[in-house]
1. (1) within 25 Å of the chain's Cα centre (by Cα); (2) modelled with pLDDT under 95; (3) outside any loop (DSSP other than H, G, I, E, B): which one isn't true of Glu212, the others all being true?
2. With the condition being touching a strand residue (DSSP E or B) at 6+ places or on another chain (Cβ under 7 Å), I'd like the helices (runs of 4 or more DSSP H) fully within the range 235-313 carrying at least 1 qualifying residues.
3. Got at least one residue in the range 96-118 being more than 25 Å from the chain's Cα centre (by Cα), assigned by TED's automatic domain parsing to the domain that holds Asn318 and not in a helix (DSSP H, G or I)?
4. Answer yes or no as to whether Arg123 is in contact with a Leu (Cβ under 9 Å, 6 or more places away or on another chain) and either part of a loop (DSSP other than H, G, I, E, B) or among the charged types (D, E, K, R) (or both).
5. Of the residues that make up the range 238-245, is at least one in contact with a Gly (Cβ under 9 Å, 6 or more places away or on another chain), farther than 30 Å from Ala532 by Cβ, touching a residue at least 60 places away in the same chain (Cβ under 8 Å) and surrounded by 20 or more Cβ atoms within 10 Å (Cβ to Cβ)?
6. If you take the residues in the range 280-330 that are surrounded by 20 or more Cβ atoms within 10 Å (Cβ to Cβ) and out of contact with any helix residue (DSSP H, G or I) (no Cβ under 9 Å at 6 or more places or on another chain), which one is nearest to Thr112 (Cα to Cα)?
7. Could you say whether any residue in the range 147-154 is over 28 Å from the mean Cα position of the chain (by Cα), in contact (Cβ under 8 Å) with a residue 40 or more places away in the chain and either surrounded by fewer than 20 Cβ atoms within 10 Å (Cβ to Cβ) or within 21 Å of Arg342 (Cα to Cα) (or both)?
Amino acid sequence: MNPPLERPRGRRQIPSVVRGAGYILWLVVFVIAVDYVFFYRPFVAELRGADRPEKLDLGGVGAEDPDLLRRVGALSTHRESSFVHFEPAPSEDILRVCAFGDSFTYGDEVLTNQDFPTQLGQRFGRSGALNVQVLNFGSAWHGFHQAFMLWKAFAHRYGCDYTLLGPQGFWPDRDTSFNHTDLLSPYFIHARYVLEDEAVRLVGVDGTDYHERFEHYWAFVPDWRYLYYDREPPAFLRALLPEGRTLRNPFYYRDDSSTEEAYETYRLLLREMDAAGMPVLLTHAQSEIVELARGLDLPNLWVTVAWDEHRFPYRSANGHLSSLGNGVMADQFYAQLVAGARPEAVVLVSSGEGDESVSLNLPTSRPLHHYEKAAVELGGRPLGAFVTASRDWKGRGIGSFGTFRDSGVVSVLALLEPGASLVDAAFLSLPFEIPPGADLELAWGRDRDAGGRRQALGTVRHLHPNLPLAVATVPEIAFVDKQWLRLAMVPPDAEKGGSPTVYLSDEPILRLSSGDGLSLHPLQGRLLQIAALRGPTVSLASLPRQGSYTLVLQTKDGVELRVPLAGWRKQVQSLPMPERAGQGPIISPMAREG
């Protein structure tokens, strides 16, 4: 008979549950180590060298309120109209209008005296109201939270009688993150407001200078405030993502959208501004913000739809207002502030194309890369130039001015929407000569030459003989926001046999982007647009009632071509005013004169 089995001695068996937990713990530690060594450290090392400032930019304010300035991240104060150039406490006979906002308020992309606060002050001066001062509190890349922080700290200190908000400045992505720059400026870290018990609470940032704030925010194990109150995922997760991809922060304190959260903070902050008793003029280009503010029905908040024009010559290369655009904004705010002022502005309306009967006196066409200069003039003064119109900020760089010289560009094809002026077209630069009478065609499905689906888009025509600039009016393609091309509809069976492609004769020039809606990307060359230059603008009063924009091309050997590109005419345009019972100007600043 066999003896009974006995438990082995000297070695205790580990339960399977413990072994499983140990394995999971080991796996977690291994994944964390791999993330830290192979992803996080290279990721942060690259960020550490990007756009690295030497010191915290206090914007010329110095030690007046360093804690506040660290909370807003940075200040733009190089404009003549910046508040740092004014004494904090004005004399009793001075009336102050204070503009708060982002780069549109500050005046990015125009000369230092062409922002709308400066031009608004000039209008007061021309009217004889020499006691009115307009102070610019705008700053590049600020959201409304940062603008509110500046307003709360400085509006009373600087004796502001009126507050101006707009024409932009309410950006949910900026107001729901401590760094909203999409990794372009990793040192720009700022405080933000969060929702708590039907109120807002300011959440600050760690660090006394740029470098300390960087190390705290981009730490592998971040502070709880960054983990809990930032819609952007923490660095240890961002490091794992491919470039251009993101994900929602799984640790975030709310489940609603960034827009819903930000809009609720805007309602609470605007109510706080209204409670201060100072008239606030919110003039904004986005209808959603206008509706939000009007819905509050606050006694000291005057809400207006901002004049908004995306066409040339009112937009600069990166989408900000040009000098002329800032001038119209100054006209609109002036009409709201001054009793009896007419709510209107003189604007330029572009139309049509150039005069085809103009002779260029060229024996043969020259490639565009032979030209040293390519500019658009108005009244004999340079007003615009060709710039990149790309959605890829990190790559080709939207809004970068350039020259055709040594670029390899042979010709340019202008894709024009029906009824649009040629100065507002999308220009596709091409490395080949465009044949006269060439056809544009959209092809999809099977191979284009093997029975694939086709749709004619139109015929190309040259603007002038021997000029390497051709035009095609294409209803099926829209130039959205002057930055990207969009197909008006998805062709049937477009997913079968490859993406829809636009051909110029036999050359493929555009293709539908995969996973990007209906947008088209260039297959040859780059997408360009005409945008306003930063330089001094023209005086509309000195211009005749109508005329032509002139395309000026200058060759390396000094030959200059001057070609009418499109027509323009002066037109008086009504400007929106506040919609309120008994609407009208708030008060006349003249009442404080003398």
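The values are calculated or read from the model by the stated rules, or taken from the named source; none is laboratory data. The model shown is predicted, which means the values in this text are computed figures rather than measured ones. Backbone-built Cβ (ideal geometry, glycine too); neighbour counts: all protein chains shown.
1. Here Glu212 meets the rest and fails (1).
2. 258-275, 287-296
3. yes
4. It is false that Arg123 is in contact with a Leu (Cβ under 9 Å, 6 or more places away or on another chain) and either part of a loop (DSSP other than H, G, I, E, B) or among the charged types (D, E, K, R) (or both).
5. So far as the range 238-245 goes, no, none of its residues is in contact with a Gly (Cβ under 9 Å, 6 or more places away or on another chain), farther than 30 Å from Ala532 by Cβ, touching a residue at least 60 places away in the same chain (Cβ under 8 Å) and surrounded by 20 or more Cβ atoms within 10 Å (Cβ to Cβ).
6. Looking at the filtered set, the residue picked out is Ser322.
7. Filtering the range 147-154 for residues over 28 Å from the mean Cα position of the chain (by Cα) gives none.
Scanning the range 147-154 turns up no residue that is over 28 Å from the mean Cα position of the chain (by Cα), in contact (Cβ under 8 Å) with a residue 40 or more places away in the chain and either surrounded by fewer than 20 Cβ atoms within 10 Å (Cβ to Cβ) or within 21 Å of Arg342 (Cα to Cα) (or both).
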